[in-house]
């Protein structure tokens, strides 16, 4: 079966995280790739006030490109985007810096349309520790309350960059399924950013979901063949089950080196920090030939079909699982 | 006809502004007075970040008292509150300090549920001048854009404390009807805070609406008889027409002197400023015997009936006019 056939069936493709330069050209590439919905990162280190400016920038983007874009706050918005051939955009943050020390800001930012928050970015914060800290003392007192509040208002908890103990604590404390929007099993690709069997088992037991990541530093680099990425998907399905595995590319296209420095170093250090990169590989990674951009999503679905996955399984992994997860996860607790 | 009869008909009573201490006791007083909806002031001098905390406080209030309160963002929420015997609360600010210098924050705060903003409080700001400035250079360049943006997103423009020229400019520049939620004609009660015939004529021509104010400093003081307040309403109807006159009591109950100082002096002066008060009358005013609190609204409707207004006219002034104004005013421009 060719990707043309899949495309005809209006398969929902949903990407669990992208951090690229959002402009009209990028939207058209997403459309070319048949993408119905993307979780877009709008905050890395910003505080509450700065987050308002970021959110406002997104509102202006939604207005300017309303012929191509639908802001997503509920599952039905994703269906609408898919039906109309538009791109649904879920706003999320890769940090809880926006909340500062104020529990009530969870609901405030949820009301602004931020439907996903990663508990920590690359550093320890008021809530917990990141995967790069030497020690991780787990979810803080404030962190527990934030998890409860996110549960209450229907904001999805993301643990992608979060440390081992904080991740386990958060999964244990959350009354609702959580997400790891962009990471891989660390026994397949060893990296601080990838996830241990313990965390992924806990995620599985929580009915949570894992978005597998094509960021070159989290796989075998830019030369990773498509077959190897397909293999990652298949092996992760073997572990997690086909309903709890999805895609979260972490695609970072057309971003400046200044932004890379902000992404890695924020305001917290004056020394170089390479994040998931290294001194030998300090800049933006080159993406694999089979995923040069969002227009290449059909390569992944085609790879999965050729590997022998059933059509329904491919549809689950490429978008169906995210859709079901978000459809429920974005509801207020009292609506469930 | 007695007020009992009016109450049976479920007449909608809507108050154009209150700034009281919001607690459960106050809600029960509103209920006793048959009040369906109140515009509640949640910001006086706060900047963007501080406004988030204020809004969050209101969300917590809504959650805690959800058996008595409905947050209002659309006209239908007012109808729902009225039908269920609850209090609809419209959040608004008496200043544009929340916007700072960032046009995009109009939409951000609208998304948080702030559906009314007064362009200036008692001082000149980035947008225009207040009624207390010696000179009023009118709506600024930024102010014009803010008016346009408020028009676009369906945030009601309030001119109650705004200076003469800025008010005239704003009415002229607005493509949609504007409100003066709490002020009186200055030819009936001379005060900088009350409004000239020129402004009220412009408001009338704009299809705007005036909420008449029982704040003692803006009428004849605490001793003002009910008949005189009724007379104010009737004379204002003669000028504006019965569809453009409403009530905006400016009720300030159970607030501390510390809050009074914040209300008048914010952070902008270290000297005493008396606002609408005076050195001889520096504290919170005593309210007239016929309006000791929101349970006394039936006194006003009863007074209007006894003065000879038709029932339908009383219903318009007591709430119907605000309802129609808000029902349209809270829509996005593209929804109209």
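How many of the residues making up segment B:142-187 are within 19 Å of the chain's Cα centre (by Cα) and assigned to a loop (DSSP other than H, G, I, E, B)? Let's see the steps before the verdict.
Going residue by residue through segment B:142-187, those that are within 19 Å of the chain's Cα centre (by Cα) are B:147, B:150-151, B:154-164, B:166-168, B:170-171, B:174, B:176-186.
Now restrict to residues that are assigned to a loop (DSSP other than H, G, I, E, B): B:154-155, B:159-161, B:163, B:174, B:176-178, B:181-184, B:186.
Qualifying residue count for the region: 15.
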Note to self: Out of A:295, A:312, A:276, I need the residue that is more than 21 Å from residue A:23 (Cβ to Cβ) and under 20 Å from the mean Cα position of the chain (by Cα). Which one?
What the structure shows: A:276
Item checked: residue B:158 being over 30 Å from residue A:108 (Cβ atoms) and at pLDDT 95 or above -> no
Checklist line | One residue from A:104, A:113, A:128 being crowded, with 19+ Cβ neighbours inside 10 Å and within 10 Å of chain B (Cβ to nearest Cβ) | finding: A:113
Next item on the list: For residue A:58, indicate whether it is at pLDDT 95 or above and away from every other protein chain (no Cβ under 14 Å).
Entry: no
Notebook entry, point to check: Within segment B:32-55, is there a residue that is in contact (Cβ under 8 Å) with a residue 40 or more places away in the chain, buried (at least 19 other Cβ atoms within 10 Å of the Cβ), over 21 Å from residue B:126 (Cβ atoms) and within 14 Å of chain A (Cβ to nearest Cβ)?
Noted result: no
Next item on the list: Those residues that are within 18 Å of the chain's Cα centre (by Cα) and within 11 Å of another protein chain (Cβ to nearest Cβ), I need them from segment B:61-77; list them, please.
Entry: B:71, B:73
Next item on the list: Test residue B:19 against the criterion of being surrounded by 14 or more Cβ atoms within 10 Å (Cβ to Cβ), away from chain A (no Cβ under 14 Å) and under 26 Å from residue A:102 (Cα atoms), and give yes or no.
Entry: yes
Item checked: Pick from segment B:78-92, criterion surrounded by 20 or more Cβ atoms within 10 Å (Cβ to Cβ) and touching a helix residue (DSSP H, G or I) at 6+ places or on another chain (Cβ under 9 Å), ranking: farthest from residue B:329 (Cα to Cα) -> B:86
Check: What helices (runs of 4 or more DSSP H) completely inside segment B:259-336 contain at least 3 residues that are under 23 Å from residue B:95 (Cβ atoms)?
Finding: B:321-329
Next item on the list: For segment A:225-252, enumerate the residues that are assigned to a loop (DSSP other than H, G, I, E, B) and surrounded by 19 or more Cβ atoms within 10 Å (Cβ to Cβ).
Entry: A:242, A:244, A:248, A:249, A:250, A:252
Margin query: Suppose the filter is more than 14 Å from chain B (Cβ to nearest Cβ) and either in a strand (DSSP E or B) or surrounded by 20 or more Cβ atoms within 10 Å (Cβ to Cβ) (or both); does residue A:139 pass it?
Written below: yes
Notebook entry, point to check: Does residue B:193 fit the bill of being under 19 Å from residue A:56 (Cα atoms) and either crowded, with 18+ Cβ neighbours inside 10 Å or touching a helix residue (DSSP H, G or I) at 6+ places or on another chain (Cβ under 8 Å) (or both)?
Noted result: no
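The values are calculated or read from the model by the stated rules, or taken from the named source; none is laboratory data. Given the structure is predicted, the values throughout are model-derived calculations rather than measurements. Please note: Cβ atoms are built from the backbone with ideal geometry, for glycine as well, and neighbour counts cover all protein chains shown.
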